[in-house]
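J.: This is the structure I have questions about; it appears just below.
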Amino acid sequence: MSEAFAAVDLGASSGRVVVGRFGNGSLDLDVVHRFPNEPVRVGGTLHWDILSLYRGVLDGLAKAGPVRSIGIDSWAVDYGLIDADGALLGNPVHYRDARTDGIADRVRDLYDVCGLQRLPFNTVYQLLAAEPTVQYAAAQRLLLIPDLLAWWLTGEIGAEYTNASTTGLLDVRTREWSWPLISELGLRAGLLPPVRHPGDRIGLFDGTPVVAVGSHDTASAVVAVPAAGDDFAYISCGTWSLVGLELDTPVLSEASRAANFTNEGGVDSTIRYLRNVMGLWPLQECLREWGSPDLPGLLAAAAAEPGLAHVVDLDDPVFLPPGDMAGRLRKLAGLPADASHATIVRCILDSLALAHRRAVRQARELAGRPVTVVHLVGGGVRNELLCQLTADACGLPVLAGPVEATAIGNLLVQARAAGVVDGGLDAMRALVRETQQIVRYEPGGTPAAWDAAAARAGR
């Protein structure tokens with residue numbers, strides 16, 4: 001007899017509803033619905049089409065059929081503002097919008113409170129950019145994207161901890177809102193709802209419980225990292241690559257702040273000590289610009305290109321906005337205007353492997369934690385060339401899989417809350433190892449070549 005749960009998993013370019021069935025030591029997945037996530041630019045501002053996403057969620061839940069519960073995860077930092085009647089005040093603004101340009105430079109460093117990587121789109125900077133607007137003045141509550149969708153499904157207000165930890169307004173030590181910081185910044189404390197935690201029951205949707213999970217998608221993905229022991233680094237690789245370690249306590253040293261590492265909340269009171277790396281976003285943008293060519297064929301051609309011939313620093317903010325990605329890559333890598341698509345793709349993947357290498361090494365050094373293996377999960381698992389290049393760059397074995405790590409982590413937290421899965425993270429990860437496909441990539445190549453490439457990329 002199996003038990004079914006539904007995971008709503010929203011990524012930066014698409015969403016899906018995944019049904020997971022647990023029974024007799026098994027975990028079977030069924031992606032019952034996929035839908036696009038296509039931002040819309042209106043009046044010069046880039047927005048998420050949140051109503052289209054909600055329609056996709058409802059359609060997916062209808063296809064899921066009867067389930068024990070529902071969990072929702074998405075990307076971090078973005079939010080909707082709710083007025084006194086509970087109505088949404090405009091479509092949420094996309095974190096890649098330019099409204100936060102220069103905002104962080106006007107604010108003191110907040111690392112001592114929130115322990116976060118200083119990124120221009122952190123929620124705190126978005127709120128400071130929004131403060132002069134009529135919408136902000138009319139707002140009564142701020143709801144991060146998964147909490148907004150849960151509000152529409154259940155009518156219950158809250159802020160799930162793992163996602164709240166990415167806002168820049170949560171105290172990394174107390175794991176509650178930092179009211180002194182909020183007051184210091186002149187923001188309205190009443191906007192922020194009570195914090196809830198993975199496993200908490202939120203409310204009911206058509207009689208089915210909606211349960212808080214690691215609603216930051218990376219928090220759910222890390223739950224599904226199939227590690228045995230604690231000497232591992234993880235890379236949750238999709239539009240972004242989130243590269244880091246799982247710790248019990250935050251690392252708040254000056255060296256950590258200078259290296260721009262972040263301390264985000266994880267499931268079971270863990271700390272996700274990581275760095276945001278640009279990830280597959282440059283490749284995705286190039287593919288869009290090129291009219292969505294055959295990706296397997298393009299990756300095969302890229303694998304035949306000379307390795308490390310052209311590299312860039314993918315963490316350069318110049319790569320953050322959409323538009324003319326190939327042009328920016330050609331310029332920074334010194335590529336000719338007629339550089340082939342395969343050459344550009346190889347440049348992206350070599351550069352991303354270098355960024356993975358740097359983040360893994362820095363995390364290990366800053367946290368004082370040995371690392372003997374790298375677990376790569378998420379959509380990047382399908383990119384075999386990237387997996388091998390990451391192993392070569394890091395000089396460590398890469399265990400790639402599962403692809404559906406975020407949905408699996410979401411489902412595992414729900415199943416544990418329902419009593420279907422027992423134990424902590426070790427037990428949940430054992431189930432992932434036993435039921436999901438994991439591919440091992442052994443490191444090869446010459447470390448000196450990667451050292452030289454890192455120097456050329458300015459890293």
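The values are calculated or read from the model by the stated rules, or taken from the named source; none is laboratory data. Since the structure is predicted, the reported quantities are computational estimates derived from the model, not experimental observations. Here the Cβ is made from the backbone with ideal geometry for all residues, glycine too, and neighbour counts use every protein chain on show. Heads up: the accessible areas ignore ligands, DNA and RNA and are worked out on the full protein's heavy atoms, side chains in. Shrake-Rupley method; radii C 1.70, N 1.55, O 1.52, S 1.80 Å.
J.: Report the label-to-label distance for ALA304 and ASP426 in nanometres (one decimal), using points 7 Å from each Cα along the Cα→Cβ vector.
T.: For ALA304 paired with ASP426, the spin-label model returns 4.9 nm.
J.: Going by Cα centres, segment 344-423 and segment 171-235 are how many Å apart?
T.: 21 Å
J.: How big is the Rg/Rh ratio for segment 133-237, C-alpha atoms only, Rh by Kirkwood, two decimals?
T.: Value, to two decimals: 1.03.
J.: Could you work out Rg/(2.2 N^0.38 Å) for segment 220-325, with Rg from alpha carbons only?
T.: 1.31
J.: Determine the per residue accessible area of segment 219-261 with all protein chains present and a 1.4 angstrom probe, expressed in square angstrom.
T.: I get 28 Å² per residue for segment 219-261.
J.: For segment 161-296, just the Cα set please: Rg and Dmax, both in angstrom.
T.: Calculated on Cα positions, Rg and Dmax stand at 17.7, 52 Å.
J.: So if R0 is 30 Å, what FRET efficiency would ARG456 and SER269 give, r being the distance between their Cβ atoms, rounded to the nearest 0.05?
T.: After rounding to 0.05, the efficiency reads 0.15.
J.: Report, as a whole number in µm² per second, the diffusion coefficient that Stokes-Einstein gives for segment 309-459 at 25 °C and 0.890 mPa s using the Kirkwood radius over alpha carbon pairs.
T.: Once the numbers are plugged in, D ends up at 141 µm²/s.
J.: Using only the C-alpha atoms of segment 128-194, find the volume of their convex hull and express it per residue in Å³.
T.: Given the Cα convex hull of segment 128-194, per-residue volume reads 91 Å³.
J.: So, one more: Mean Kyte-Doolittle hydropathy of -1.0 or higher plus an axial Cα length of 20 Å or more: which whole DSSP H helices in the chain meet both?
T.: Span-like helices here: 50-64, 341-367.
J.: Let me know the volume per residue of the alpha-carbon convex hull for segment 93-172, in Å³.
T.: Per-residue hull volume (Cα only) is 104 Å³.
J.: Can you tell me how much longer the chain between THR446 and GLU434 gets when fully stretched, taken as 0.36 nm per residue apart minus their C-alpha distance, in nm with one decimal?
T.: 1.0 nm
J.: Another one. Compute the accessible area per residue over segment 302-459, keeping the other protein chains in place, probe 1.4 Å, unit Å².
T.: On a per-residue basis, segment 302-459 sits at 38 Å².
J.: Tell me which trypsin sites (Lys or Arg not before Pro) from segment 240-320 have a DSSP coil assignment and no more than 10 other beta carbons within 10 Å of their own.
T.: none
J.: Once you keep just the Cα pairs under 8 angstrom separated by 6 or more residues, what percentage relative contact order results for segment 1-156?
T.: Relative contact order here is 22 percent.
J.: Now for a different question. Can you find, among LEU287, PRO226, LEU245, the residue sitting farthest towards the positive end of the charge dipole of segment 202-338, where Lys and Arg contribute +1 and Asp and Glu -1 at Cβ?
T.: LEU287
J.: Computed over the Cα atoms of segment 23-171, what is the ratio Rg over Rh, Rh following Kirkwood?
T.: 1.01
J.: Same structure, new question: Restricting to Cα pairs below 8 Å that are 6+ residues apart, what does the relative contact order work out to for segment 249-312? Please round to a whole percent.
T.: Averaging sequence separation for qualifying contacts and normalising by length gives 19 percent for segment 249-312.
J.: Average the reciprocal distances over every distinct pair of alpha-carbons in segment 21-106, invert the result, and give the Kirkwood radius in Å.
T.: About 16.0 Å for segment 21-106.
J.: Once fully extended, how much extra length lies between LYS63 and SER26, figured as 0.36 nm per residue of separation less the alpha-carbon to alpha-carbon distance?
T.: That pair, LYS63 and SER26, stretches by 11.1 nm at full extension.
J.: Subtracting the Cα-Cα distance from 0.36 nm times the residue separation, let me have the gained length for SER52 to THR372 in nm, one decimal.
T.: Full extension of this stretch gives 110.9 nm more.
J.: Below 8 Å, C-alpha to C-alpha, sequence gap of six or more: please give me the relative contact order for the chain in percent.
T.: The normalised contact order for the chain reaches 16 percent.
J.: Could you please state how large a percent of the accessible area of the chain is carbon and sulfur, counting protein chains only and using a 1.4 Å probe?
T.: Summing carbon and sulfur atoms, their accessible area is 51 percent of the total for the chain.
J.: Return P(r) of segment 389-459 (all Cα-Cα pairs; 5 Å bins starting at 0; whole %; ordered from short to long distances).
T.: For segment 389-459, the pair-distance distribution reads 3, 15, 17, 15, 12, 10, 10, 10, 5, 3, 1.
J.: Ok, one more. Using the alpha carbons of segment 273-381, what is the convex hull volume per residue in cubic angstrom, as a whole number?
T.: Taking only Cα atoms, segment 273-381 has a hull volume of 119 Å³ per residue.
J.: Can I ask one more? Calculate, for segment 1-155, the solvent-accessible area per residue in square angstrom, rolling a 1.4 angstrom probe over the heavy atoms of the protein chains.
T.: Heavy-atom SASA per residue in segment 1-155 reads 39 Å².
J.: Also, quick follow-up: If a/c stays under 1.5 just call it rounded; otherwise compare a/b with b/c (prolate if a/b is bigger, oblate if not). Do that for the chain, with a ≥ b ≥ c from the square roots of the Cα gyration tensor eigenvalues.
T.: Rounded shape, in that the Cα axes give a/c under 1.5.
J.: Using a simple spin-label model with points 7 Å from Cα along the Cα→Cβ vector, what separation in nm is obtained for ALA87 and ARG188?
T.: Spacing of the two 7 Å Cα→Cβ label points: 1.6 nm.
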